[in-house]
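Enquirer: Sharing a structure below in structure tokens format, with a few things to ask.
None of the figures in this text is laboratory data; all of them are computed from the coordinates on show. Note that this is a predicted model, so its numbers are computed, not measured. Backbone-built Cβ (ideal geometry, glycine too); neighbour counts: all protein chains shown.
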Amino acid sequence: MNVPPELPTLRVFVALAPPDDAKDELARALAPAYAAYPRLRWNRIEDWHITLAFLGELPSTAVPPLRSVLADRAHSHPALHLGLRGGGHFDGRLLWSGIDGDLDGLHQLAADVRQLVRSCGIEFNERPLRPHLTLARARRDDPVSVPQAAEGLAAFVGRRWPAERLHLVGSNIGRGPGPIHYRDIEAWRFATPAQDV
């Protein structure tokens, strides 16, 4: 979608979010890495999320149709049982925790969300889903911290939790020199509780 310059824009994505106690559990496991690698650009815990579809810069006028179709999808979809497990990195620069649990359901939900976004006439760069939670990014002059921090997370296995809401999220990236912050534009509860796995 080409955005006329006069319209206000948001950088938007659709995501799931772990509950606070699951994030706290992972944060405790990360304590040694926080201490050992203070120069990494650590994401705020409250911003941790699992991206299902990254839509890029959208005009504010694109948000209302998304709200409608995503609300309908959430209200007809069961919650997913997921967990955080292990750690890894992309290209030695981005540290992540892996996702465990109902991965088939997660992939199907992401496919449904992406189809709904396209049905609203929104074009976006559709990358294959690699479920993860981004934790930190390396600075250009620090090639070793991320792989070492990932090794420290290899044995982590978090408890399972229900992902009970679908989130439409906006970020402030590109709007100042500070860190990226995310906020819910809206979130919708799924239709039924997660099934035990």
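Enquirer: Can you put Glu25, Glu126, Glu186 in order, fewest other beta carbons within 10 Å first? Don't jump to the answer; show the numbers that get you there.
Expert: Working: Glu25 19, Glu126 12, Glu186 16.
Sorted ascending by nearby Cβ count, the order is Glu126, Glu186, Glu25.
Enquirer: Show me the ranking of peptides 13-19, 154-160 by mean Cβ neighbours inside 10 Å, starting with the highest. Don't skip to the answer; put the middle values down first.
Expert: Details: 13-19: 21.3, 154-160: 14.1.
Top to bottom by mean Cβ count within 10 Å: 13-19, 154-160.
Enquirer: On average, how much area does the Cα convex hull of the chain cover when viewed from any direction, in nm²? Don't skip to the answer; put the middle values down first.
Expert: Numbers: hull surface 45.1 nm².
Here the figure is 11.3 nm², rounded to one decimal.
Enquirer: OK, next. Need one number: % antiparallel among DSSP beta bridges in the chain, to the nearest 5.
Expert: Numbers: 38 of 39 bridges.
Taking every DSSP beta bridge with both residues in the chain, the antiparallel ones total about 95 percent.
Enquirer: Also: Determine the distance separating the Cα centre of the stretch 113-136 from the Cα centre of the stretch 88-110; give it in Å without decimals.
Expert: The distance from the Cα centre of the stretch 113-136 to that of the stretch 88-110 comes to 13 Å.
Enquirer: For Trp42, Trp161, what ranking results if the residue with the fewest other Cβ atoms within 10 Å of its Cβ goes first?
Expert: Working: Trp42 17, Trp161 21.
Going from sparsest to densest Cβ surroundings: Trp42, Trp161.
Enquirer: How high is the FRET efficiency between Arg39 and Arg159 when r is their beta carbon distance and R₀ equals 30 Å, given to the nearest 0.05? All intermediate terms of the calculation are to be shown ahead of the outcome.
Expert: Working: r = 30 Å, r/R0 = 1.01.
That pair, Arg39 with Arg159, gives E of 0.50.
Enquirer: Using the number of other C-beta atoms within 10 angstrom as an exposure proxy, rank Phe124, Phe190 with the fewest first.
Expert: Details: Phe124 17, Phe190 21.
Sorted ascending by nearby Cβ count, the order is Phe124, Phe190.
Enquirer: Rounded to the nearest 20 debye, what is the charge dipole size of the chain about its Cα centre when +1 sits on each Lys and Arg Cβ and -1 on each Asp and Glu Cβ? Don't skip to the end; give the middle numbers.
Expert: Working: 23 positive and 23 negative charges, 87 e Å.
Computed charge dipole of the chain: roughly 420 debye.
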